[in-house]
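A short write-up of the structure that comes next.
The values are calculated or read from the model by the stated rules, or taken from the named source; none is laboratory data. This one's a predicted model, so the numbers in the text were calculated from it and none came from an experiment. Here the Cβ is made from the backbone with ideal geometry for all residues, glycine too, and neighbour counts use every protein chain on show. For the accessible areas, the whole protein counts, side chains as well, though only heavy atoms, and no ligand, DNA or RNA atoms are used. Shrake-Rupley method; radii C 1.70, N 1.55, O 1.52, S 1.80 Å.
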Amino acid sequence: MTPEEVMTKYEKYINPAATRLFRFMGLSSVEGSGEGWTVTDTEGNRFIDCLGGYGMFALGHRHPKVVEAVEKQLHSMPMSGKVLFNEPMAELAERLAAVTPGGLQYSFFCNSGAEAVEGCLKMARLATHRTEIVATENAFHGKTFGALTATGRDLYRDPFKPLVPGFLHVPFGDIHALEKVVTDKTAAVIVEPIQGEGGIIVPPDGYLKQVEELCHGKGALFIADEVQTGIGRTGRWFGCDHDGARPDLMAVSKALGGGIMPVGAFIGTEQAWAGFIEAPFVHTSTFGGGEMACAAGVATLQVIEEENLLRQSAENGAYFKAGLEKIAVEFPDVIREVRGRGMMMGLELTREGAGGMLMALMIARHVLVAYTLNNPKVIRIEPPLIMPRDVIDKVLAILYDAVKQVDDVVDEL
Ligand code: PLP
């Protein structure tokens, strides 16, 4: 099939408006194959992947150790029948308990980030017998009903109202705002350690620890949504680790499947799991925790340790960010601010139109980037953690040229 034929089918059978938007942004390539930090389209064009599947490709594309683990399971027991025990699931749960902040012990496996968030919200109500959930403005937690209700952007919420009752939102990073609303009716506070889709917003140092302490003072649970920040993205295993914060429940997904399998999990302390231990079938999933998915998760955690990817994410992320900051200083009319931690970075631009233009210019130069879902003024950069410095230098040179081009027309955007 030619790319044009694929796009025509998209227009006819998937979504005409979304296809037109992609065309308008100059996106007309069809994914052919991925390897390391590159994606090659069906016409043979190679792209450097600086978007990393919204944080999913932490190990790059088709990491050989994850491929090997998944292939082995494929030819023995790919999916779980849920009646007999499942070894890869047991092993992944043990490994997650070892790498997550102290106290998190039990895991439930699902298939996506939103499902992991749903699980956390349900566990919080079950464990506390309370109903209120406090989330933050501008947050992104996914688009199923509970996760959408926690999400802090009306554009996604309004068409689906009424949403789940009992949720309120306060500004992110502001502990005083939280203090005013967390009460003895609060089941949980849910926050992202860094707001990802909200525009790569890093909270003040100590905020996550303060959220933990505030929750515990009121008998509420602290839910960390680590779907995007988790599994090495920010240079530590989890975003909470930067603050030494210990959540009661954590949602993970994206990178956990090594970019090969869809895997999500929610992980909780003994106390957060209390209701679920009493009634283990109140939350179930047919596909969640399949052997192939869990084998991918085990291999992913092993690769991160063996290849020292936490250090690489921290050090190469700092190097990348310093390069972005240099470009920002030279083009203040285009770039307002550079933010992020480890390999999770964002460029906030001065104008909304500049985001789409910069994205299109980068893709035309064969570097994949995208703006964040809640904030089209922020170009997110989330490369595979394995990306070496010479490739980072190449991306920075390409970005410099593209920003220069935006600078020439920025007043008209
Ligand atoms: N939570 C966070 C912090 C996310 O960034 C995302 C997706 O971007 C989700 C939840 C939802 O994940 P999914 O798209 O797998 O449902």
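Looking only at segment 219-233, filter to residues that are away from the ligand (no atom under 12 Å from the Cβ) and assigned to a loop (DSSP other than H, G, I, E, B); which one of those is surrounded by the most Cβ atoms within 10 Å (Cβ to Cβ)?
The first filter runs over segment 219-233 and keeps only residues away from the ligand (no atom under 12 Å from the Cβ), leaving 219-222, 231-232.
Those left that are additionally assigned to a loop (DSSP other than H, G, I, E, B): 219-220, 231-232.
On the way: 219: 14, 220: 25, 231: 31, 232: 27.
Here the residue is 231.
Quick check: is even one residue across segment 191-198 under 21 Å from residue 123 (Cα atoms), in contact (Cβ under 8 Å) with a residue 12 or more places away in the chain and either away from the ligand (no atom under 16 Å from the Cβ) or not in a loop (DSSP other than H, G, I, E, B) (or both)? Break it down stepwise before answering.
First, the residues of segment 191-198 that are under 21 Å from residue 123 (Cα atoms): 191-193.
Right, trim to in contact (Cβ under 8 Å) with a residue 12 or more places away in the chain and you get 191-193.
With either away from the ligand (no atom under 16 Å from the Cβ) or not in a loop (DSSP other than H, G, I, E, B) (or both) added as a condition, the list becomes 191.
Yes, some residue in segment 191-198 is under 21 Å from residue 123 (Cα atoms), in contact (Cβ under 8 Å) with a residue 12 or more places away in the chain and either away from the ligand (no atom under 16 Å from the Cβ) or not in a loop (DSSP other than H, G, I, E, B) (or both).
Please list, ordered by first then second residue, the pairs with beta carbon atoms under 7 Å, 6 or more apart or interchain, first in segment 352-377 and over 17 Å from residue 413 (Cβ atoms), second assigned to a loop (DSSP other than H, G, I, E, B) and among the acidic types (Asp, Glu).
Within 7 Å, the pairs are 372/197; 373/197; 374/197.
Give all pairs with beta carbons closer than 9 Å in which a residue from segment 146-171 that is farther than 19 Å from residue 375 by Cβ and hydrophobic (A, V, I, L, M, F, W, C) meets a residue that is at pLDDT 95 or above and open to solvent by 60 Å² or more (accessible area, probe 1.4 Å); count only pairs at least 6 apart in sequence or on separate chains.
Once the first residue is farther than 19 Å from residue 375 by Cβ and hydrophobic (A, V, I, L, M, F, W, C) and sits in segment 146-171, its partners that are at pLDDT 95 or above and open to solvent by 60 Å² or more (accessible area, probe 1.4 Å) give 160/143; 160/145; 163/145; 164/145.
Would you check if residue 338 is of a type in the set (A, V, I, L, M, F, W, C) and open to solvent by 50 Å² or more (accessible area, probe 1.4 Å)?
Values: of a type in the set (A, V, I, L, M, F, W, C): yes; open to solvent by 50 Å² or more (accessible area, probe 1.4 Å): no.
Against the criterion (of a type in the set (A, V, I, L, M, F, W, C) and open to solvent by 50 Å² or more (accessible area, probe 1.4 Å)), residue 338 does not qualify.
Does residue 340 satisfy the condition of being closer than 30 Å to residue 157 by Cα, at pLDDT below 95 and not aliphatic (A, V, I, L, M)? Full working, then the answer.
On the way: closer than 30 Å to residue 157 by Cα: yes; at pLDDT below 95: no; not aliphatic (A, V, I, L, M): yes.
The answer is no for residue 340.
Determine if segment 285-297 includes at least one residue that is surrounded by fewer than 21 Cβ atoms within 10 Å (Cβ to Cβ), more than 16 Å from the ligand (Cβ to nearest atom) and assigned to a loop (DSSP other than H, G, I, E, B).
Within segment 285-297 (the criterion being surrounded by fewer than 21 Cβ atoms within 10 Å (Cβ to Cβ), more than 16 Å from the ligand (Cβ to nearest atom) and assigned to a loop (DSSP other than H, G, I, E, B)), the answer is yes, since at least one residue qualifies.
Name every residue in segment 174-190 that is in contact with an Asp or Glu (Cβ under 7 Å, 6 or more places away or on another chain) and buried (at least 22 other Cβ atoms within 10 Å of the Cβ), in order of residue number. Talk me through it step by step, then tell me what you get.
Within segment 174-190, the subset in contact with an Asp or Glu (Cβ under 7 Å, 6 or more places away or on another chain) is 185-187, 190.
186, 187, 190 - these are the residues of segment 174-190 that are in contact with an Asp or Glu (Cβ under 7 Å, 6 or more places away or on another chain) and buried (at least 22 other Cβ atoms within 10 Å of the Cβ).
Specify the residue that is farthest from the ligand (Cβ to nearest atom); the eligible residues are those in segment 94-120 that are open to solvent by 20 Å² or more (accessible area, probe 1.4 Å) and in a strand (DSSP E or B).
For segment 94-120, the residue satisfying everything is 106.
Return yes when residue 84 is surrounded by 13 or more Cβ atoms within 10 Å (Cβ to Cβ) and part of a loop (DSSP other than H, G, I, E, B) and no when it is not. Walk me through how you get there before you give the answer.
Numbers: surrounded by 13 or more Cβ atoms within 10 Å (Cβ to Cβ): no; part of a loop (DSSP other than H, G, I, E, B): yes.
It is false that residue 84 is surrounded by 13 or more Cβ atoms within 10 Å (Cβ to Cβ) and part of a loop (DSSP other than H, G, I, E, B).
Please pick out the residue among 250, 261 that is within 15 Å of the ligand (Cβ to nearest atom) and not in a loop (DSSP other than H, G, I, E, B).
Of the residues listed, the single one that is within 15 Å of the ligand (Cβ to nearest atom) and not in a loop (DSSP other than H, G, I, E, B) is 250.
Out of the residues in segment 365-382 meeting the condition of being under 16 Å from residue 335 (Cβ atoms), at pLDDT 90 or above and not hydrophobic (A, V, I, L, M, F, W, C), tell me which one is surrounded by the fewest Cβ atoms within 10 Å (Cβ to Cβ).
Step by step, filter segment 365-382, then rank; the result is 377.
Kindly establish whether residue 314 is open to solvent by 30 Å² or more (accessible area, probe 1.4 Å) and of a type in the set (Gly, Ala, Ser).
Here the answer is yes, as residue 314 does meet what is asked.
When you scan segment 15-74 for strands (runs of 3 or more DSSP E) that lie fully inside it, which ones turn up with 1 or more residues that are of a type in the set (Val, Ile, Thr) and crowded, with 17+ Cβ neighbours inside 10 Å?
In segment 15-74, the matching strands (runs of 3 or more DSSP E) lie at 38-41, 46-49.
Just for segment 126-173: of the residues that are within 16 Å of the ligand (Cβ to nearest atom) and of a type in the set (Lys, Arg), which one is most open to solvent (accessible area, probe 1.4 Å)?
Looking at the filtered set, the residue picked out is 143.
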